[in-house]
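Visitor: This is the structure I have questions about; it appears just below.
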Amino acid sequence: MKGGLVDMKQKSKWLWLFPLLFVVALVGCTSKEKTTVSTTPDKEEGEKTEEISLTIGSWRTEDVAKYEKVIALFNEQHPEIHISFNPTKNTEYNTVLNTALQAGEGPDIFHLRPYAAGLKLAEAGYVENINGLNGLASFPEEALLASRDEDGNQYGVPINLSSTQFFYNKKIFKDNNLEIPTTWEEFIALNDQLLEKDITPIAMGTKEGWLLSLLHGIVGPAIYEGNDFYQAVLAGEKDFTDAQFIESIQVMNDLKKYFPANSEGLGMDDIRTLFALEDAAMFPLGSWEIPVVLEMNPDLELGYFPIPSKGGQKTVTTWVDGSFAINANSKNIEAAKVFLEFLTTKEFGELFVKEFSMISAIPDITSDDALLNEISKSTANEATPYMWVTNFTGGDPTTKSLLESELQGMYLGQVTPEEVAAKVQENAKTWYTPFQK
């Protein structure tokens, strides 16, 4: 998610400045100033252009080369603003960012977690509001809500829509005469067929808790019939003690036999590698993984399917997966806003889809990638919200994180599905207003 050098042709003219610049550089290092400013001759004699350096923080360590292309495109119009993309490992990002912000430091621009998780930082005063930023009107309200507080203050520019679904290896399916399931029963039968053929059905591990809430976000709607249950939860008409929700947790437990051996010790990198190297038939994860697995194995025949319910209803789980925001303590807020305005343009949206193989939050941006376009259609026609992200990142601990730790305990045999559901409900009731009626 490199201050300017003096033109060497003017070297003799500016030689007397070198000692002064050296002192300024030392002061900047000791004060941990994020911005370096210098002046260089412009085209006209004596005219000077201010150069500014900004840093971007993100959890997308996979995207360094791609953001270099984004920055290069931005610099075609704004060469005076130098930007460094400095991501942190996704499992460490929240802690690293929060610690820096609390110390009055951190990157000038950073990937803001969507919905309540990101808005907590805004409430604490760490995020600059961008009300009135040019280009925000390009986005639908649903996308902007991911980084907008209850008072209508906007804190982030939405970057992409994410979806989760089952990816599958077309070659493995073809070689074993397997069909895409159209009902939940067919999905379970498919897994059993793969086991019989000594093929690992599902590349999934339980070492990292976020993988488990993500998996539940995919398979849960197949058990409680997607949006019907979700809407009832929003209205407070149903909660997590509902029999269908408990069944969705039981199903999570039942799926373990289709995971790789020693799944308790497997994390994101492990399961991605299993699928990319064609050692597992299916991979339940997000649309952002398309370019990652194809980079690992360009010959992988990659397909996807929405998860089907018992009644044959198909769903893909969708949400705005992060926005870019400005550090309220940045020394260059106005320059940061210039970059955020660039992120609202069609020019950026087209580059983003091409280079990242993700669904742009900017409407009407299409891709040359047939798979990505198919998923885009599913997000328009078969979407259900990823409620653990869109609605249940409140609480202390958050309801989402509690679900994750309880599911890990369930896979270790420490708690039952009924106990998981009860603890999730107990947590949510402490803060979720519809459950307090």
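Visitor: For residues that are aliphatic (A, V, I, L, M) and open to solvent by 40 Å² or more (accessible area, probe 1.4 Å), scanning just segment 236-255, find the one that is farthest from residue 403 (Cα to Cα).
Guide: Checking each candidate, the answer is 243.
Visitor: Ok, one more. Working only within segment 308-317, note down all residues that are in a strand (DSSP E or B) and either of a type in the set (Ser, Thr, Tyr) or over 21 Å from the mean Cα position of the chain (by Cα) (or both).
Guide: 308, 314, 315, 317, listed by residue number.
Visitor: Here's something else I'd like to know. Go through segment 49-71 residue by residue and tally those that are out of contact with any helix residue (DSSP H, G or I) (no Cβ under 8 Å at 6 or more places or on another chain) and exposed (fewer than 15 other Cβ atoms within 10 Å of the Cβ).
Guide: Matching residues across segment 49-71 total 5.
Visitor: Now for a separate question. Would you mind telling me which numbered condition in (1) in a helix (DSSP H, G or I); (2) over 17 Å from the mean Cα position of the chain (by Cα) residue 95 fails?
Guide: Residue 95 satisfies every listed condition except (2).
Visitor: Which one of the conditions (1) within 20 Å of the chain's Cα centre (by Cα); (2) open to solvent by less than 20 Å² (accessible area, probe 1.4 Å) does residue 305 fail to meet, given that it meets all the rest?
Guide: (1)
Visitor: State the number of residues belonging to segment 72-82 that are touching a Ser or Thr at 6+ places or on another chain (Cβ under 9 Å) and surrounded by fewer than 20 Cβ atoms within 10 Å (Cβ to Cβ).
Guide: Here the count works out to 3.
Visitor: So residue 38 ticks every box in (1) modelled with pLDDT of 50 or more; (2) among the hydroxyl-bearing types (Ser, Thr, Tyr); (3) open to solvent by less than 70 Å² (accessible area, probe 1.4 Å) but one. Which box is left unticked?
Guide: It fails just one condition, (1).
Visitor: Using the structure shown, decide if residue 86 is outside any strand (DSSP E or B) and either at pLDDT 95 or above or more than 27 Å from the chain's Cα centre (by Cα) (or both).
Guide: Taking the combined requirement at face value, the residue does not satisfy it.
Visitor: Sort through 168, 224 and tell me the only one that's crowded, with 16+ Cβ neighbours inside 10 Å, over 17 Å from residue 280 (Cβ atoms) and aromatic (Phe, Trp, Tyr).
Guide: Numbers: 168 fails: over 17 Å from residue 280 (Cβ atoms).
The match here is 224.
Visitor: Same structure, new question: Please enumerate the residues belonging to segment 233-259 that are of a type in the set (D, E, K, R) and in contact with a strand residue (DSSP E or B) (Cβ under 6 Å, 6 or more places away or on another chain).
Guide: None - no residue of segment 233-259 is of a type in the set (D, E, K, R) and in contact with a strand residue (DSSP E or B) (Cβ under 6 Å, 6 or more places away or on another chain), so the list stays empty.
Visitor: OK, next. Would you be able to say whether some residue in segment 260-271 is buried (at least 17 other Cβ atoms within 10 Å of the Cβ) and touching a strand residue (DSSP E or B) at 6+ places or on another chain (Cβ under 8 Å)?
Guide: yes
Visitor: I'd like the full set of residues that are more than 21 Å from residue 395 (Cα to Cα) and surrounded by 18 or more Cβ atoms within 10 Å (Cβ to Cβ), limited to segment 102-132.
Guide: Applying the first criterion (more than 21 Å from residue 395 (Cα to Cα)) to segment 102-132 yields 103-111, 128-132.
106, 107, 108, 109, 110, 111, 128, 129, 130 - these are the residues of segment 102-132 that are more than 21 Å from residue 395 (Cα to Cα) and surrounded by 18 or more Cβ atoms within 10 Å (Cβ to Cβ).
Visitor: Being modelled with pLDDT of 95 or more and among the hydroxyl-bearing types (Ser, Thr, Tyr) narrows it down to one residue among 224, 258; which is it?
Guide: 258
Visitor: Look through segment 325-341, keep the residues that are of a type in the set (S, T, N, Q) and part of a loop (DSSP other than H, G, I, E, B), and return whichever of them is most open to solvent (accessible area, probe 1.4 Å).
Guide: 329
Visitor: Would you confirm whether any residue within segment 390-404 is of a type in the set (Val, Ile, Thr), surrounded by 19 or more Cβ atoms within 10 Å (Cβ to Cβ) and assigned to a loop (DSSP other than H, G, I, E, B)?
Guide: Yes, the conditions are met somewhere in segment 390-404.
The values are calculated or read from the model by the stated rules, or taken from the named source; none is laboratory data. Remember, it's a predicted structure, so these values are computed and weren't measured experimentally. All Cβ positions, even for glycine, are placed from backbone atoms using ideal geometry, and neighbour counts span all protein chains on display. Keep in mind that these areas ignore ligands, DNA and RNA; they rest on the heavy atoms of the full protein, side chains included. Shrake-Rupley method; radii C 1.70, N 1.55, O 1.52, S 1.80 Å.
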